[in-house]
Amino acid sequence: MKLTSKKAIGAIAVVIVAIVAVSLVATKGTSYSYYIAYQGPLTGDNKQTGLDEIAGVKYALAKYNEAHPKAQIGLKQVDDQGSGTGASVVAPGTAKDKSIIAIVGPAFSGASIASFPYYRAAALPMISPSATKVTLTDPAVKSDFGGPYFHRIPSKDDKQGPSLAHLAIKGIKSPVVYSVNDQSSYGVGLDGFVQSTLKATPGVKVAGDDTVDGANTTLDFSATISKIKAGNANVVIYSGYYAQAAGFVKQLRNAGYKGVFASGDGTYDPGFITDAGTAAEGALLTASSAVFQDAGATITADFTKVIGSAPGTYAVEDYDATNILLNCIDQGSTTRDAIQTCINKGSFKGLMGNTISFDANGDVAGTGFINSFVVTGGAIKSTGQIK
Amino acid sequence: MHTLISQFWQLTFSGAVQGFIYVLISLGYTMVYGVLRMINFANSEIFMVGTFATVVITRDLLGHPANGPDLHGATLIFTMLLCLLGSMLVSGLVAMLVELLAYRRLRSLGTNRLAPLISAIGMSIILSESVSLLTEGRAVPDPEVLHKSSLATILGANIRIDQLLVVIVAPIMFFSLQRFVNHTRLGKGIRAVSMNEETAKLMGININRVISITFLIGGLMTGASAFFFETVYEATKFNIGFNIGIAAFTAAVLGGIGNIRGAFVGGLALGLLETYASAVLGSQWKAITVFIVLIVVLLFRPNGLFGEAVQQTRV
Amino acid sequence: MSNLRDQGAEFWAKWDRPRRVTFVIASIAVAASLPFAGNFSITNILNTPISSYQDVLVYPVGMFVLMALGLNIVVGKSGMLDLGYVAFFAIGAYSMAILGTHTHLNMWEIFPIGIALAMFAGVLLGIPTLRLRGDYLAIVTMGFGEIVRITALNTQKIGGPNGIANIPSPPSLFGLKFNISHPNSFFWVVLVLILLTIWMIRRLSIRRPGRAWEAIRQDEDAAELMGVPTLKYKIWSFVLGAGVGGAAGVVYASKAIFISPDAFTFNISVLILSCVVFGGIGNIWGVVLGGVFLAYLPERIRFISNARQLVFGIVLVLVMNFRPDGILPRKKREKALLTKDDLGGKND
Amino acid sequence: MTEKILELKNLTKNFGGVVALNDVNLHVNKQEILALIGPNGAGKTTVFNMITGVYQPTSGEIIFNNKSIVGKKRFEITKGGIARTFQNIRLWGDMTALENVLTATDVHSKSGLVGSLFGSIRSRKTEKEATVKAHEILEFIGIDEYGDRLAKNLPYGVQRRLEIARAMGTGAELLLLDEPAAGFNPAEKVELGNTIKKIRDAGYTVLLIEHDMSLIMGISDRVAVLDFGVKIADDLPSVVQNDSKVIEAYLGVPTDAS
């Protein structure tokens, strides 16, 4: 009878010792003079986006540390799982961690909103490579506004939405449009701007709208496709992420749909073509993102060598955001306040040769840009900027 | 509503395809329920594993690239047969593994009903999370083996070859299973155990073996369903089983869980209902439709359409 | 057979009243001072990387202990498997978020409303479904949890997938400030809720409702035939569990400032269930241990967090197969409430 | 003494085409011991199940204390005054013997959830009274020394007796005992017989299913015989013992089969 309890105590003791040991080992490591953090989905359903993004950050950092052997900058990975809920767990700690002087991120809009109160209280500057929800930089919407500490490189959805709508109906005589979103915060938001643009455009008939399962726990889109066919649509605009978009377009084409398929930056990912195969051919895409490969073969090859995989989505924006921070650190801004001032005042050169400076609300000054793309021959080809 | 009327036959056809996929999965629930009087919670993940088996066989084993050329003739038939048998086998074996790890020990311990239920939930989490870690949580596309050519348009419904295949082969598999259970020795053993375990034991039937085989058969059917699913939808993901599993379970309950014929009617009815409902209400309410059907059936006709009492009093 | 739980109970039985009171007060004091443990060099091993230790103590640790205790009333006490427990958490959280952003009510005022709404949802779901047997109940409750989440996701009026931001912090109470810079205050609120829940469970366990639940758990048909109104007590158990979940939800929303439907997935229900199962179904201390362990560990050792769900799955299978009563099982031997000597009137 | 406490009128029960009980008429008088006997599958336990509300009769009436109880909920029937034991023991194994009885006494407890929670005076008083009563019952049945032990750890014979104690705990006037002596040795059977008589003398009415003829003949006031769902005899033990139909029904079955 004693034996049982002794065993139990023993087991608990072993577990505790193991935890202590593991955590001691886990906390060991090189220490850096300063840290920047990347915040995005590193686990969970959207982790692919996060992994692609952090590769861009790591590349910029590796280049910097290579050039500055004496002032090494460390990277802390803040995993918010791409959700506001995840962000509200990790943001308080990130805010309190004084060694972090700036953040690349948050990657997603919902996670950004959940993080803002903590970073504002801690005066922690952020540059997001991919959060495009309009209200993040709109001081009128208090609940979502991230200023003055929040900055972002991509254009907002209110710019992308109309661009996407116009791109989709370009050159079609009597467009009948059906819009679909994936129930994500991003998809619903973008879809709203697409729809309002369509309604305001004369000659466009809106056949209807539907949503598909965002959690991707079912891949049967037949009902939505039936609706598209019932409405005789010749343009389908999809607002959402690429994984579902790929499955969706595949079934749409398999069902015999011959019209236009257009989608936004959520679908702007090589994975879209890998997953959708030939069904992706002809798809029109928009993104306020640039293609890393366009920066040249040399740097692309170097990236692949350093990181171990080719640059993916938002690699350019992450690279730029990281470089802005490193630039500031290089100029002697080594506190949160100093970096905040530096970001707001400075003007930086982006990878694609563009100039980046931020306005008072955190958007890139100037009009920003939306690139349009088309899928041909199994690759995403740029068709230039949409004016 | 407009869609429902104008696309009625198209919806009916795709609903039937979906329905037959449910039929085969719900056999996995119904067979196990028959012998154990327990829900095999992990059946949805057995399905998910089956879809990945199909992907692995076509992509890695046979080396068909995602966007490769279309297959024809003997190669096509060989590939499809191999995928079908492979995913059936993998699902069947995983089902036996689930029985071994999640149910057997607890059955011999004779603990309360809660324990095997929780351990089966645990197994289903282990399966889906392992796959999630292996695939980095991504959707995985399945190379197109069978080209989706349209055969005919009947009453405005586009009849595609892959969907037609499901509508023809799934019932054949179903009826073979029914024959197997009704007419073979093994099938009779299963029926004996499901009627009365004690008596079956007295008759010299090896209960553990019969239960194990029941899981295997349930798994085989679920695996076949996974193959059909892949043939039609050509993609999978670690969490694909969740909603489909609940839907198939609902189908089993709708027809009367434990009743093989019930699974057929229930699966088909649910597939149609779900497709009609998402055409009328919007696809986002599809999952809710299934849950509401489940709750309503359990409340008003807990024995399902074909009986087998759910709330048997065991006095 | 004895076990750790029983030995604890034996010690407890031997102690006199002052000793017991001292022990309880000391334990509460230790629990209440946990947030400060991160500040000292001996105890700073407790600190969590990335996430802030003080915040982790509120969510997930405190919150999951609280919810595990609530779910334990349903699963542990009366033996009903509820796989949609997160729904009540969601209802509490959304009550706080909607009322907090649209009315002038503060958290303290919304608190009873959130609990009441969660309990009401419990009644609504319980009356029709609690007649079902175990495994059916499990699937129906799982469905209910999903219905709540999907409805929130598709209702743009309550933010849809965007959720609700800017949920107000509660006003100060007893000189304690409540805002993002003061997570400790929230921790103490959660601690009080945990203590209240423990008190409630202990109270009910030794009296009529506890006996009724126990009888239902062990043999429902026999209970019904021995005159226990089983449906009524099942609903009570369900509703009390729902109320605890609702309370947790209100505090969570107010602390996190932001909520969205992805906080209320099926995974959370599984996690809470794992906490209950891991520590010991039906035993308060086991459940507390399970909650602390499974909520804290993934935050402390980050590499677990990637495989967090997998760990929970393994816990469920292993614990059920090899220690079906959990690490700290429910007591094996229960002394009657009043012994014959008590009845002799010596004490009165 | 001949007042009827329970009356079954034309009771019939079909299970999907199989007639388990066919037009059975039976009554139990107050404070008597009525034994219900018959070969296996005769429908004895079905009678119990219908009286206690487990099954609903296909047709017929069940009158208890001049009121029909058909269609009532099981716990209401118990509360109304009928309690039973089970052929295969169904105690709550993880509760102590005392708690098993206590739970049964809760049938008439007025203490509710809120009262229990806040330890209201009434709730405390009820608890105390119930505990006293539970001990009394255990003592009456002769197993009070086992009060603090878990039911599942009790010796088999004590478990059988505890089932009776639990049924008495509900405060029922009519006890339905389903093979209470199953698995007992002759000495134990005699002792149990005495206990059942003691129960009757204390004012209870007992309806008993039993196979052991000597026990039945020794304690019953009356014996009713079921065969294939039909009542074939209902009389004094000595009369039934010599009834040709009864002997035929039991032909080939030793009379002391248990």
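The values are calculated or read from the model by the stated rules, or taken from the named source; none is laboratory data. Here the structure is a predicted model, which is why all the values come from computation and not from measurement. Every residue, glycine as well, gets a Cβ built from its backbone with ideal geometry; the counts of neighbours run over all protein chains shown. Only protein heavy atoms, including side chains, enter the accessible area calculation; ligands, DNA and RNA are left aside. Shrake-Rupley method; radii C 1.70, N 1.55, O 1.52, S 1.80 Å.
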request  = Kindly report, to the nearest 10 Å², the accessible surface of C:LYS177 as traced by a 1.4 Å probe over protein heavy atoms only.
outcome  = 110
task = Considering Cα pairs under 8 angstrom that are at least six residues apart, work out the relative contact order of chain B and quote it in whole percent.
result = 35
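Under a Cβ-only charge scheme (Lys and Arg +1, Asp and Glu -1), can you give me the dipole magnitude of the protein assembly as shown about the Cα centre, in debye to the nearest 20? Mind showing how you got there, number by number?
Values: 113 positive and 97 negative charges, 296 e Å.
Around 1420 debye, computed over the protein assembly as shown.
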request  = Sort out for me the Cα centre separation of region C:101-178 from region B:46-88, rounded to whole Å.
outcome  = 45
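How much accessible area per residue does chain D have, counting only protein heavy atoms and a probe of 1.4 Å, in square angstrom?
Numbers: 10680 Å² over 258 residues.
With the other protein chains kept in place, chain D gives 41 Å² per residue.
For region D:93-171, give the magnitude of the charge dipole about the Cα centre (Cβ charges: +1 Lys/Arg, -1 Asp/Glu; no others), in debye to the nearest 20.
On the way: 11 positive and 11 negative charges, 48 e Å.
Roughly 240 debye, rounded to the nearest 20.
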query = For chains B and C, what's the summed buried accessible area, probe 1.4 Å, to the nearest 100 square angstrom?
reply = 3800
query = Taking chain C as a Gaussian network, Cα atoms linked when under 10 Å apart, which of C:GLY76, C:GLY163, C:GLY282 shows the biggest mean-square fluctuation?
reply = C:GLY163
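To the nearest 100 Å², how much accessible surface do chains B and A hide from each other in total, with a 1.4 Å probe?
Counting protein atoms only, the buried area is about 2800 Å².
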task = Could you tell me whether region B:1-113 comes out rounded, prolate or oblate from its Cα gyration tensor? Rule is a ≥ b ≥ c as square roots of the eigenvalues, rounded for a/c under 1.5, then prolate if a/b exceeds b/c, otherwise oblate.
result = oblate
query = When the solvent-accessible surface of protein heavy atoms is calculated with a 1.4 angstrom probe, in what order do B:VAL90, B:VAL131 fall, highest first?
reply = B:VAL90, B:VAL131
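Please sort A:343-352, A:121-130 by packing, taking for each peptide the average over its residues of neighbouring beta carbons within 10 angstrom, highest first. Mind dumping the intermediate values first?
Working: A:343-352: 16.1, A:121-130: 24.2.
Taking the mean over residues of other Cβ atoms within 10 Å, the ranking is A:121-130, A:343-352.
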key: Total accessible surface hidden between C and A, rounded to 100 Å², 1.4 Å probe   = 3300
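Whole number in Å², please: accessible area per residue of chain A, 1.4 Å probe, ligands, DNA and RNA not counted.
Values: 13950 Å² over 387 residues.
That works out to 36 Å² per residue.
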key: Nearest-10 value in Å² for the accessible area of C:ILE127, using the 1.4 Å probe   = 90
ask   = Using modelled backbone amide H atoms (1.01 Å from N, in-plane), which distant-in-sequence or interchain residues come within less than 5 Å of A:ASN46's amide H?
value = none
ask   = Where the centroid of each part is defined by its Cα atoms, how far is region A:89-157 from region B:127-170 in Å?
value = 41
request  = Would you pull out the residues with amide H under 5 Å of D:LEU176's amide H, same chain only if 5 or more places away, H placed 1.01 Å from N?
outcome  = D:ALA83, D:ARG84, D:THR85, D:LEU207
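Can you compute the charge dipole magnitude of region C:52-265 about its Cα centre, using +1 on each Lys and Arg Cβ and -1 on each Asp and Glu Cβ, nothing else charged? Give it in debye, rounded to the nearest 20. Kindly include the intermediate steps, with their values, before the conclusion.
Details: 15 positive and 11 negative charges, 92 e Å.
With only Lys, Arg, Asp and Glu charged at Cβ, the dipole is about 440 debye.
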remark   = With the charge dipole of the protein assembly as shown built from beta-carbon charges (+1 for Lys and Arg, -1 for Asp and Glu) about the Cα centre, the Cα from A:GLY256, A:ASN323, D:LEU215 projecting farthest to the positive end belongs to D:LEU215
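Probe radius 1.4 Å, ligands and nucleic acids left out: which of C:PHE88, D:PHE75 has the largest accessible area, and how do the rest follow? Spell out each step's value before the answer.
Numbers: C:PHE88 0, D:PHE75 45 Å².
The ordering from most to least exposed comes out as D:PHE75, C:PHE88.
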ask   = Over all residues in B:192-200, what is the mean tally of Cβ atoms on other chains that come within 10 Å of each residue's Cβ?
value = 0
ask   = Do you know which residues of region C:220-243 lose at least 30 square angstrom of accessible area in the protein assembly compared with their chain on its own, with a 1.4 angstrom probe?
value = C:ASP221, C:ALA222, C:GLU224, C:LEU225, C:MET226, C:GLY227, C:PRO229, C:TRP236
task = Report which residues of region B:115-139 become buried by 40 Å² or more of accessible surface when going from the isolated chain to the complete set of protein chains (1.4 Å probe; DNA, RNA and ligands ignored).
result = B:LEU117, B:ILE118, B:ILE121, B:ILE125, B:ILE126, B:GLU129, B:LEU133, B:GLU136, B:ARG138, B:ALA139
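How many percent of the accessible area of chain A is carbon or sulfur, using a 1.4 Å probe?
Numbers: 8070 of 13950 Å².
The value for chain A is 58 percent carbon and sulfur by accessible area.
Quick check: with the 1.4 Å probe, what order do B:ASP70, A:ASP157 take by accessible area, largest first?
On the way: B:ASP70 65, A:ASP157 5 Å².
Output order, biggest surface exposure first: B:ASP70, A:ASP157.
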request  = Report, in order of residue number, the helices in chain B meeting two criteria: a C-alpha extent of 24 Å or more along the helix axis, and a mean Kyte-Doolittle hydropathy of at least -0.5; treat each whole DSSP H run as one helix.
outcome  = B:8-36, B:73-98, B:114-134, B:161-183, B:207-233, B:260-281
request  = Pop out a list of residues from region A:223-271 that are at least 30 Å² less accessible with all the protein chains around than in their chain alone; 1.4 Å probe, no ligands or nucleic acids counted.
outcome  = A:ALA223, A:SER226, A:LYS227, A:LYS229, A:ALA230, A:LYS250, A:GLN251, A:ASN254
query = From the phi of every residue in region C:160-177, what ³J(HN,Hα) in whole Hz does the Karplus formula 6.51 cos²θ - 1.76 cosθ + 1.60 yield, where θ is phi - 60° and glycine or proline is x?
reply = x, x, 6, x, 10, 10, 6, 6, x, 6, x, x, 4, 9, 6, x, 8, 8
inquiry  = Quick check: the angle from helix A:336-345's long axis to the longest principal axis of chain A, C-alpha only, nearest 10 degrees?
reply    = 30
inquiry  = Return the unpartnered cysteines for the protein assembly as shown, using a Cβ-Cβ cut-off of under 4.7 Å.
reply    = B:CYS83, C:CYS275
key: For region C:109-179: relative contact order, % (alpha-carbon pairs under 8 angstrom, 6 or more apart)   = 11
inquiry  = Placing +1 on the Cβ of each Lys and Arg and -1 on the Cβ of each Asp and Glu in region C:3-91, which of C:GLY38, C:ALA13, C:TYR59 has its Cα farthest towards the positive end of the resulting dipole?
reply    = C:ALA13
key: Carbon/sulfur fraction of accessible area - region C:52-265, other protein chains in place, 1.4 Å, %   = 67
request  = Provide the net charge surrounding A:LEU351, with neighbours chosen by a C-beta distance below 14 Å and charges set as Lys +1, Arg +1, Asp -1, Glu -1.
outcome  = -3
request  = Please give the solvent-accessible surface of A:HIS166 in Å², to the nearest 10, using a probe radius of 1.4 Å with every protein chain present.
outcome  = 90
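Could the peptides D:35-44, B:141-150 be put in order, highest first, of the mean number of other beta-carbon atoms found within 10 Å of their residues? Present the calculation step by step, with values, prior to reporting the outcome.
Working: D:35-44: 21.2, B:141-150: 18.7.
Most protected by this proxy first, the peptides run D:35-44, B:141-150.
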note = Checking D:LEU113, D:LEU192, D:LEU34 against a Gaussian network model of chain D (alpha-carbon springs below 10 Å), the top fluctuating residue turns out to be D:LEU113
inquiry  = Apply the Karplus curve 6.51 cos²θ - 1.76 cosθ + 1.60, θ = phi - 60°, to the phi angles in region D:173-189 and return the couplings in whole Hz, x for Gly and Pro.
reply    = 8, 10, 10, 9, 9, 9, 6, x, 9, 4, x, 8, 7, x, 4, 5, 4
remark   = Given the candidates C:LEU191, C:ALA248, C:ILE150, the one whose Cα lies deepest towards the positive end of the charge dipole of region C:52-265, counting +1 at each Lys or Arg C-beta and -1 at each Asp or Glu C-beta, is C:LEU191
Accessible surface, chain B, averaged per residue in Å² (probe 1.4 Å) = 37
message = What is the percent carbon and sulfur in the accessible area of region D:93-171, measuring with a 1.4 Å probe over the protein chains and ignoring ligands?
response = 56
